[in-house]
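Derivation of every value follows stated rules applied to the coordinates shown; laboratory data play no part. This one's a predicted model, so the numbers in the text were calculated from it and none came from an experiment. We place every Cβ from the backbone using ideal geometry, glycine too, and count neighbours over all the protein chains shown.
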Amino acid sequence: MDPEPSRRNNEETKAKTDQMEANEQREELNEEDERRNFETQRTKTRKVKLKKHRKTHAGEKPYTCTECGKSFSRLNRYKRHQKTHEDKRDHECLQCGKSFTTAGYVKIHQMIHTGEKPYKCSYCEKSFIHSGNLRRHKRIHTGEKPYHCTQCGHDFSSSTSLKQHMRIHTNEKPYACLYCEERFSRLGHCKRHQKTHTGERDHVCLQCGKSFTQSGSLKIHQMTHTAEKPHKCSYCEKSFCRSIDLKNHERIHTGEEPYCCPLCQKRFRWSKSLLDHLKKYQMEANEQREELKIHTCTECGKSFSQLDSYKRHQKTHKDKRDHKCLQCGKSLTTASHLKRHQRIHTGEKPYHCTQCGHDFKSSPELQIHMRIHTNEKPYACPFCAMRFFRLDCCRQHQKTHSGKRDHVCLECGKSFCQSGSLKRHQRIHTGEKPHKCSYCEKSFIQSSELKRHERIHTGERLYYCPPCQKSFSRSDNLLKHMRKCKWSK
């Protein structure tokens, strides 16, 4: 028998076996690579999820909607929210006519009309339309407070509560009253305040006829008729009509002291105790002020610590105003004052800011503006720890301590520290809007509102962040940015 074919068969069989083994090894290696890739991807996903989750505890919300200013901790939620501004609202509620971007939103909204609340609390009888509301509510029972303030160590049950609390530390007041200059840290407080201007009291008690600006106030009032006290203490048998009264009471048990004095860092259980404590500082400041023997001008209210400065200033009221402006007839005491005044008519702005390129009519205006860049606040309130860029702002603030409000509105009875503030307020009643835009037909009650509006047309950005070169049209936007900017920390 010829051995050659047999040898060839053996070699072919061996080659096939080797090939099969090689294929199996390759498959094993591919499987191992796939498993590694899967594990790596899973680890990355976990890390991303953990990072996202941590943001909820830190209260970090880096994604801000440019349309409405709402902030989000997650990109997908931010994108979904942005669609609400862009998308057509094709899905309409047949009961009230309100329209929505998706059918899902209509379905959730319709539960308001049907009274359906599918998410039930396992601790009490309450139920909710949204699962998120149930989750937040359950923390009342569990005592869980996952949101932590890094500034003072206080914990909160929701990210919204933490965000609102942080405004105490930053002094941020994003909500402005439409009728006056007051600003608020919470939207609810702003809306409640605005009703003092409109006199709106929609919510009437059917038992005694008393009316209220808010449904919540009416609900609390009605408990005086029913003797209902739904807010029960977790530590003793006491119960209360209002949740705020319960919170204040429970601090007796917990020893919590959330109110901190900005001057000496002493902590207090109740806001009233903090205010009483601050009054002591005010009294001390008043005594020091008396010792200084400050000389106050009876003509304009300006104060001086030195008698010669006071006398020199008084002369400005007595001096002849021989220098008259030919354009508007205004008279001034010196030629230099007249020259500076005439720049209002000519629009000349010879003083230039090298930091942001903004121009000014006078060197004092430029000097004051430069304090925005340097953050210099040379004017200190003698009654508290606050400091100011401008002397007039400091003086205006000081009147809040004295409580003196001599200027009263005859229409609504509201009183003001300054005649200028009263004049501005009265425009709400008269409808007068003397400050007209040079670029469009809009007009405004206050010159500051006009200035802010005109920046939309001019693209002017006065407020500038020195570390990262970014500029802003509004001071509040700069302050928000400065708190987030990594270079300014």
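Once fully extended, how much extra length lies between CYS149 and LYS470, figured as 0.36 nm per residue of separation less the alpha-carbon to alpha-carbon distance? Show your work: numbers first, answer last.
On the way: separation 321, 0.36 × 321 = 115.56 nm, distance 2.80 nm.
Residue separation times 0.36 nm, minus the Cα-Cα distance, leaves 112.8 nm.
Could you give the nm distance between label points at CYS437 and TYR105, where each point is 7 Å from its Cα heading toward the beta carbon?
Distance between label points: 2.7 nm.
I need the shape label for the stretch 162-238. Rule: rounded when a/c is under 1.5, else prolate if a/b > b/c, else oblate, with a, b, c from the alpha carbon gyration tensor. Spell out each step's value before the answer.
On the way: a/c = 4.84, a/b = 1.27, b/c = 3.82.
Judged from the Cα gyration tensor, the stretch 162-238 comes out oblate (a/c at least 1.5, b/c at or above a/b).
If you stretched the chain out fully between LYS349 and GLN446, how much longer would it get, using 0.36 nm times the residue separation minus the C-alpha to C-alpha distance?
Numbers: separation 97, 0.36 × 97 = 34.92 nm, distance 2.25 nm.
Length gained, LYS349 through GLN446: 32.7 nm.
Can you sort MET166, MET223 from fewest to most other Cβ atoms within 10 Å of each residue's own Cβ? Before the final figure, lay out the partial values.
On the way: MET166 18, MET223 14.
Least crowded to most crowded, the residues run MET223, MET166.
Mind ordering 179-191, 143-155 by average Cβ neighbours within 10 Å, highest first?
179-191, 143-155
Apply the a/c threshold of 1.5 to the C-alpha gyration tensor of the stretch 341-390 and tell me whether it is rounded, prolate or oblate. Don't skip to the answer; put the middle values down first.
Working: a/c = 4.78, a/b = 1.95, b/c = 2.45.
Since a/c reaches 1.5 but b/c is at least a/b, the shape of the stretch 341-390 is classed as oblate.
Of LYS117/LYS138; LYS195/LYS423; LYS79/LYS163; LYS279/LYS423; LYS195/LYS414, which pairs sit farther than 25 Å apart, going by alpha carbon to alpha carbon? The partial results should precede the final answer.
On the way: LYS117/LYS138 15 Å; LYS195/LYS423 20 Å; LYS79/LYS163 21 Å; LYS279/LYS423 31 Å; LYS195/LYS414 13 Å.
With Cα atoms farther than 25 Å apart: LYS279/LYS423.
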